[in-house]
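Step one of this worksheet: look at the structure below.
The values are calculated or read from the model by the stated rules, or taken from the named source; none is laboratory data. Because the structure is a prediction, the values reported are computed rather than measured. Backbone-built Cβ (ideal geometry, glycine too); neighbour counts: all protein chains shown. These accessible areas exclude ligands, DNA and RNA; they are computed on the full protein's heavy atoms, side chains included. Shrake-Rupley method; radii C 1.70, N 1.55, O 1.52, S 1.80 Å.
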Amino acid sequence: MKMTLYSIRKISDTCLKEVTASNLPITLHILEPEYHQDIYTEPIEKAKNSPYGAFQLGDPALIEKQIGRGKQPDYADDIDNIETLEYIGKLQADGSRLTPQDTTNIVALKSVNIRSGYVDLDSARSVSEDYYTGSKRRSGIIKNDLLINSTGDGTIGRVAVYHYDFPAVVDGHVSVIRFKKPEFAWYAAAYLLSDLGQHQIYRYINGSSGQVEIYPQDIARLWVPMTDSVKVEEIANSLKTACERFIEFTETLKLSSAFFG
C-alpha cells in the first residue's frame with residue numbers, strides 16, 4: 001500500500017516573491033502540494049548548502065540574456081511533403097549534411113526534439129532565412145545553449161544542451177538559457193537530468209489535466225550545486241562527449257544503409 005506524501009509547512013513558507021513586468025514586487029502564495037513536499041523542497045536546500053557554493057539558472061552574472069521561450073514558427077516546409085524539408089545541417093542519405101551552399105533554411109526544433117540529455121533532429125522542421133533573421137533574438141539558439149522543455153505531460157522537464165554547429169530556432173514550448181561560459185550549460189544540464197534536478201523542476205510546474213508548464217521566471221529560480229573546478233569540467237565534458245557520440249552514431253547509421261540506395 002502506497003502512503004500519500006505528507007509535509008507540514010508554516011504559512012510563511014507559501015510566500016514567493018515575484019516581480020511584475022513593471023518591476024513592482026508582489027508576494028504570491030503557493031498552495032500546490034508539490035511545492036511543499038519534502039521530495040521537491042529538499043533538493044533545493046541540498047543544492048543551496050553545497051560546500052562549494054551554488055548558483056541559480058537566472059543569475060545575471062552568469063547568463064548572456066534573460067531566460068525566455070521561443071515562439072510558434074512560420075514553417076518553410078510542407079508537412080505533407082517530406083521533399084520540401086531541408087535546412088542547413090540536415091542529415092542526408094549518404095551520411096553527409098546540407099551546407100549553406102545547399103540551402104539557406106534553418107532547422108526548427110519542437111519539444112519532441114529535446115530528449116533527456118541530447119537533441120534529436122528527427123521530426124525537426126525548417127524556417128526560412130528571413131524568418132530566422134527576424135526572430136532569432138527571441139527564438140534563435142546557438143551551440144551550447146541550455147534547453148528545457150517547458151510544457152506538456154510527458155515532455156516537460158526534459159533537458160539538453162544544443163550540441164550542433166549550425167543555427168536553429170525553438171518553438172514556444174522550449175525555454176533557452178545562454179551561459180557566458182559554455183561549460184556551465186553542460187554542467188547545469190547534467191545536474192538537472194539527475195533525480196534531484198528533476199524534482200526541483202517539478203516543484204514549479206503549474207496547471208493540470210495535461211496543460212502543464214513551467215515559466216521562465218521559475219526556471220530562473222532553480223539551484224545548481226557547485227563542486228571544484230576540475231570536477232565541473234569533468235562532468236561537463238562527460239555529457240558533451242555523449243552528445244558527440246550520438247551525432248557520430250546517427251551519421252554512421254545513415255551511412256551504413258546508404259549502400260542499399
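Key figures for this structure:
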read-out: Test: residue in the stretch 208-216 that is touching a residue at least 24 places away in the same chain (Cβ under 8 Å) and crowded, with 22+ Cβ neighbours inside 10 Å; value: yes
read-out: Residue count for the stretch 46-77, restricted to those that are more than 25 Å from residue 225 (Cβ to Cβ) and either touching a Phe, Trp or Tyr at 6+ places or on another chain (Cβ under 7 Å) or assigned to a loop (DSSP other than H, G, I, E, B) (or both); value: 7
read-out: Residue that is surrounded by 14 or more Cβ atoms within 10 Å (Cβ to Cβ) and either within 21 Å of residue 202 (Cβ to Cβ) or of a type in the set (A, V, I, L, M, F, W, C) (or both), where the choices are 111, 96, 139; value: 111
read-out: The stretch 170-196 - residue that is of a type in the set (D, E, K, R) and in a helix (DSSP H, G or I) and, of those, surrounded by the fewest Cβ atoms within 10 Å (Cβ to Cβ); value: 195
read-out: Verdict on residue 200 being open to solvent by less than 50 Å² (accessible area, probe 1.4 Å), touching a residue at least 60 places away in the same chain (Cβ under 8 Å) and over 17 Å from residue 163 (Cβ atoms); value: yes
read-out: Any chance residue 195 is of a type in the set (D, E, K, R) and closer than 18 Å to residue 47 by Cα; value: yes
read-out: Single residue of 155, 133 found to be at pLDDT 95 or above and either touching a Gly at 6+ places or on another chain (Cβ under 6 Å) or surrounded by fewer than 23 Cβ atoms within 10 Å (Cβ to Cβ) (or both); value: 133
read-out: Near pairs, Cβ below 6 angstrom, 6+ apart or cross-chain, from the stretch 35-46 (within 9 Å of residue 196 (Cα to Cα)) to any residue that is modelled with pLDDT under 90; value: 40/34
read-out: Selection within the stretch 60-85 - in contact (Cβ under 8 Å) with a residue 40 or more places away in the chain, among the acidic types (Asp, Glu) and surrounded by fewer than 17 Cβ atoms within 10 Å (Cβ to Cβ); value: 64, 74
read-out: Those residues of the stretch 114-124 which are of a type outside the set (Phe, Trp, Tyr) and open to solvent by 40 Å² or more (accessible area, probe 1.4 Å), in sequence order; value: 115, 116, 122, 123
